[in-house]
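Q: First, the structure itself, so that you have it in front of you.
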């Protein structure tokens, strides 16, 4: 048996389509989670490269994944010939450059939100991907709105799409965090937390947001100095539907996401019932209780897994089937209006290009 | 205007049917509750007489009700010409004599369970009321199975009767108390607690119990010395339906009554959902909780009010529309079998006369 | 023996405090319900007089209550010496005159909402009762905001007052009717439906409403021509708390009232969990379900009973312990601002006198 | 360069640990699901070989998996040098021979329940694996009790183990199927359905079952001729705890699994609350509902994925961390007693060897 014969035999034995070799840019909390996910829970992909400005952190993460290399420069990682696809979990200000590099190289990319730092630059990414798609017929960019992959949100959308509650008219959202890191500002609550409800509204109602109003109820004493928390945000769609959002990021309690859609022929709510019912002593006597997830990773862990698995599957087929650059752009445009509404205290119309 | 004319005018002005004048025999916890209920929440009746071996207690209770007299001898209270109807809340060993006195006098009586202390004496009461009804066409005795008046149990029975779950096949009951007074024995758990589930089973399934088995799972460390707590009781109906009952009287937690009926075409459960949902910190993190009633008076307060109001209404019409002596007799017969089953550890058939 | 002596002797003989003799003005749906309630479920009162412009209807209602007379002129009914207290359930435009007549005569009155037709006239009633109270030390008027007597709302207020969720910050309300009668206008939705949420907000938060905004989401196809249904109403309190209200009166489904209060240290919701859980075939497969009340009488029947019982009890003691004229005035002032907000589409400040 | 050197170089170049090459024996419903799971959702393994008596079915399944071969003889599949591990989803009567072959070859095997067809042969498998473990220090066999991997059951066990409800005393289980295939007998309900509750009881209570009683309530009219459905099964543990099981396989409704554990210091229930709450028209009016899973694959899909992923992970480490042969043996011993209890109508003690 010659070496060539052996190699050929080995190839035949392997004979399965090669796993997608992924570069993960940024391995902080979210990026490291994605590495663990791609390595341990997602089929059809492996982490080939990690990149992080903090090289020691990158080294520690790579050490946990056999065959994973550290490449310090993220653009070099995108250009690496042993890389088939990219996950971007770096700080938001680097997203634009990194996504454009992926489009340039023509490889699939899953970019955590935000797509870029403002609506104009997001629109530029839309244009770049359009140009690539015009040449190749392939879209490349998926944005990390992972709630679309959560089984409950997916079921809610399916119900609406199937006409199960008639025409949807009003949506009520609650988005509650137990606490936020120091340095969070009221504007960043709009950009980082409310943005999820913006995408949920667009996803469930299947139309664009036309105007935003942001109200500031009395703040909790647990809020950091100067923070308006909770916020009450009103979204109006181009079709006249309305979405109210309570966004409260210093509840001291738990992570909670609840969405109720009220339609002409019924209503539906997610985020309320989950899991085990316990009976124990509570404040004021015995209670029957269910747990509320302590954080978004517990609440949406399965959604992240499904998001990445489906992104890998689509990437191997040369497609994108999750939220794309337009969704990233639309979210940026709405958040920009939201920040303006926050500053002025007035209803603010969303400025978006025609699709 | 003469005195007579004035009296006549006053009578015309009053001109409403006189309120039912009720004697309450026994004003311990339960009897005092009935006095408060008749006085303050029930329309069409007033407490004319109270009677209790503890005369000071009777005096205190009577003092709170304008126009209410104390009559020490309960049989004298039954015989009192100013008494139209009787509520018996005295210790169970006096019930037989007091109920028979009411039947003798031909006045309506609401008797707390047990009807009497054993099945034979209960059967004697059945015979006595039958004889009275044969002469007058009127039944007189209602037994205090108040759960039949609880809106949830009533709705469950209505659902079954309307065929809403098809033929019922299996019933699961949980009956839980936070604690019981010193002196409670395993036999008395059968007679005083399980008896409610016996009546519930008869009420919901509309047939008699044919056999009882009583099992003793490992006892809680909170149980009093020698007490088998919890118990697992199996009731079999003459039609072959089965009822399992968890009866657990030292949970340390709350008062809980839950009943699930499983039928050929669906199932229904009561006792699980109730009222306000709170979010707060619980064991192991944030929880969403509902309260469990601390005791039977909180859980069944409305049922007691409805029971007594409907008894008053029926008494004024000269009828009984709640559970009657036969129900009291059947419960006694089943509990007698239950106590025997507890002693022998064996399935025990219920011995009852034909109706 | 003089007439007075005879009367006195008769009163002594009866020896129970005389039942409160009530005149019910207006015996349409709501008034007839109050008659049935006073007659059959409330202790300590009886319906002595009914009055209605439709005399045949008044006659039919009176016929069902032994000893009840028809008095055609409502002001004559108020003035009737055999009347001790009044329930006003006539059309709203007659309330002002009837309530003032009761204050003039110095007798207790339970007036269905609205107190009067506008804020100015309500304020005049406040002044009139103030003057009476200054002379006699007694308040006389209770306004029919019966939700305050609903056990769930009462528990929610108690929880807040006890600090159980910390300082309340945001309140979410849903108020849904299956349908409304022909002739209902968008303004009347504010005046007749949203008004309940206005009182709930004031009751729960214990402060006044400072401003109102009314938004009109896309209307359901089930809404009558010209009706903006659903509405989204925002209330801001003087302390900066915010209340959002979805008011949707053509859901085609059921009557639903849900209120969630979000505080600094927890949150609480009522109106979600209730009663029996069924399992049956639903749209799209098997479901586990609880019933939603078909109408407000089913949902709030107990609250009405408790409201009237407590009003009777307080009236017999010479006091008022429910919502008073100030509450009626405040609700009118907020609704007036709401109607203006509806017309202008703008946030509208509430104009109220200092208390 | 020798063939061995080339192979070694190739392995180094590939540089990730080779995926586990799995043979799946039996590709009916369950086996085909496992193939899809290993191929598409499980990381670290690939389906190298499938085997089925129905070779056309095996061919169809293999065609969907790149690099997957069909090997007709299951024992040849076990012996295949390109196979590292085995999943057995063949009919139960073949399990014994196939599991023993895996032990003989010293490779990991995940065997669907039952481990073998009776307790004696299961004990023989226990002995064979013991002998292998004595030589190599490695256990090889995991039995397919996938509920242990369901997040709700896992949380319930964790709660109990952490002392969260005190000492567990009583367990209530409901196991309901919408329908069963023709040919199912009452004995097979015990062996195929109740067996899951047997393992759940052992898993949650962490002790063996000592005795079984099987009761036959009135059967549903939907049951096949001669089938006793529902069954009521009582399990008693060696420590005196009791488990009641309603097993009802012709509900016509949905797949439902509910387990409540009642302890000395609280209780906990799983299987009741799940996901989206809808409001729609139901029987008798509007309802608020949640879906009940139509079948076990929907209910336990995630549990199967987690089971297989964890089995793959453990196999690659050379360990077993799921339920082992002893659990398979214990379940067989309890079911044998259950079948005898079913025949005799009597409480039947479980006969098991000492561990």
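The values are calculated or read from the model by the stated rules, or taken from the named source; none is laboratory data. Please read these numbers as outputs of a predicted model, since none were measured by experiment. Here the Cβ positions follow ideal geometry from the backbone for every residue, glycine too, while neighbour counts run over all protein chains shown.
Q: Among what's in the stretch C:285-315 and is within 19 Å of residue C:38 (Cβ to Cβ) and touching a strand residue (DSSP E or B) at 6+ places or on another chain (Cβ under 6 Å), pick the residue that is surrounded by the most Cβ atoms within 10 Å (Cβ to Cβ).
A: Once the filter is applied, the top-ranked residue is C:311.
Q: I've got another one for you. Can you tell me which of D:89, D:58 is in contact with a strand residue (DSSP E or B) (Cβ under 7 Å, 6 or more places away or on another chain) and closer than 22 Å to residue D:121 by Cβ? Steps first, please.
A: Details: D:58 fails: closer than 22 Å to residue D:121 by Cβ.
Answer to the selection: D:89.
Q: I've got another one for you. Examine the stretch C:270-288 for a residue that is closer than 30 Å to residue A:235 by Cα and in contact with a helix residue (DSSP H, G or I) (Cβ under 6 Å, 6 or more places away or on another chain), and state whether such a residue exists.
A: yes
Q: Out of all the residues in the stretch C:32-44, which are touching a strand residue (DSSP E or B) at 6+ places or on another chain (Cβ under 8 Å) and touching a residue at least 60 places away in the same chain (Cβ under 8 Å)? Spell out the reasoning first.
A: The first filter runs over the stretch C:32-44 and keeps only residues touching a strand residue (DSSP E or B) at 6+ places or on another chain (Cβ under 8 Å), leaving C:34-35, C:38-39, C:44.
The answer is C:34, C:38, C:44.
Q: Condition first: buried (at least 21 other Cβ atoms within 10 Å of the Cβ), free of Cβ contacts under 8 Å to residues at least 12 places away in the same chain and within 14 Å of chain C (Cβ to nearest Cβ). Can you find one or more residues in the stretch D:250-260 that meet it?
A: No, that holds for no residue.
Q: Then there is this: Filter the stretch D:202-215 down to the residues that are at the interface with chain B (Cβ under 8 Å from one of its Cβ atoms) and either part of a loop (DSSP other than H, G, I, E, B) or modelled with pLDDT under 95 (or both) and list them by number.
A: Of all residues in the stretch D:202-215, those at the interface with chain B (Cβ under 8 Å from one of its Cβ atoms) come to D:215.
None - no residue of the stretch D:202-215 is at the interface with chain B (Cβ under 8 Å from one of its Cβ atoms) and either part of a loop (DSSP other than H, G, I, E, B) or modelled with pLDDT under 95 (or both), so the list stays empty.
This table checks each residue for (1) closer than 24 Å to residue A:18 by Cβ; (2) surrounded by 22 or more Cβ atoms within 10 Å (Cβ to Cβ).
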site: D:18; (1), (2): yes, no
site: D:31; (1), (2): no, yes
site: D:41; (1), (2): yes, no
site: D:59; (1), (2): no, no
site: D:69; (1), (2): yes, no
site: D:79; (1), (2): no, no
site: D:106; (1), (2): no, no
site: D:109; (1), (2): no, yes
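Q: Go through (1) in a strand (DSSP E or B); (2) at pLDDT 90 or above; (3) at positive phi; (4) facing another protein chain (nearest Cβ under 7 Å) for residue B:240 and report which single condition fails.
A: (1)
Q: Only one of these conditions is not met by residue C:35: (1) within 14 Å of another protein chain (Cβ to nearest Cβ); (2) surrounded by fewer than 21 Cβ atoms within 10 Å (Cβ to Cβ). Which number is it?
A: Result: residue C:35 fails condition (2) only.
Q: In the stretch B:217-235, what count of residues is obtained for those that are at the interface with chain D (Cβ under 8 Å from one of its Cβ atoms) and touching a residue at least 12 places away in the same chain (Cβ under 8 Å)? Spell out the reasoning first.
A: To start, the set of residues in the stretch B:217-235 that are at the interface with chain D (Cβ under 8 Å from one of its Cβ atoms) comprises B:217-222, B:230, B:232, B:234.
Pick out the ones that are also touching a residue at least 12 places away in the same chain (Cβ under 8 Å) and you get B:217, B:220, B:222, B:230, B:232, B:234.
Residues meeting the conditions: 6.
Q: Taking the options C:89, C:79, name whichever one is farther than 30 Å from residue C:197 by Cα and assigned by TED's automatic domain parsing to the domain that holds residue C:20.
A: Working: C:89 fails: farther than 30 Å from residue C:197 by Cα.
From the options C:89, C:79, the qualifying one is C:79.
Q: Quick one: count up the residues across the stretch A:263-316 that are over 18 Å from the mean Cα position of the chain (by Cα), within 11 Å of chain B (Cβ to nearest Cβ) and outside any loop (DSSP other than H, G, I, E, B).
A: 18
Q: With respect to residue A:149, is the statement that it is more than 14 Å from chain C (Cβ to nearest Cβ), at pLDDT 95 or above, crowded, with 23+ Cβ neighbours inside 10 Å and touching a helix residue (DSSP H, G or I) at 6+ places or on another chain (Cβ under 8 Å) true? Talk me through it step by step, then tell me what you get.
A: Working: more than 14 Å from chain C (Cβ to nearest Cβ): yes; at pLDDT 95 or above: yes; crowded, with 23+ Cβ neighbours inside 10 Å: no; touching a helix residue (DSSP H, G or I) at 6+ places or on another chain (Cβ under 8 Å): yes.
Answer is no for this residue.
Q: Please go through the stretch D:125-162 and pick out each residue that is in a loop (DSSP other than H, G, I, E, B) and in contact (Cβ under 8 Å) with a residue 12 or more places away in the chain. First the steps, then the outcome.
A: Let us first name the residues in the stretch D:125-162 that are in a loop (DSSP other than H, G, I, E, B), namely D:137-140, D:144-145, D:150, D:162.
Within the stretch D:125-162, D:138, D:139, D:140, D:144, D:145, D:150 meet the criteria.
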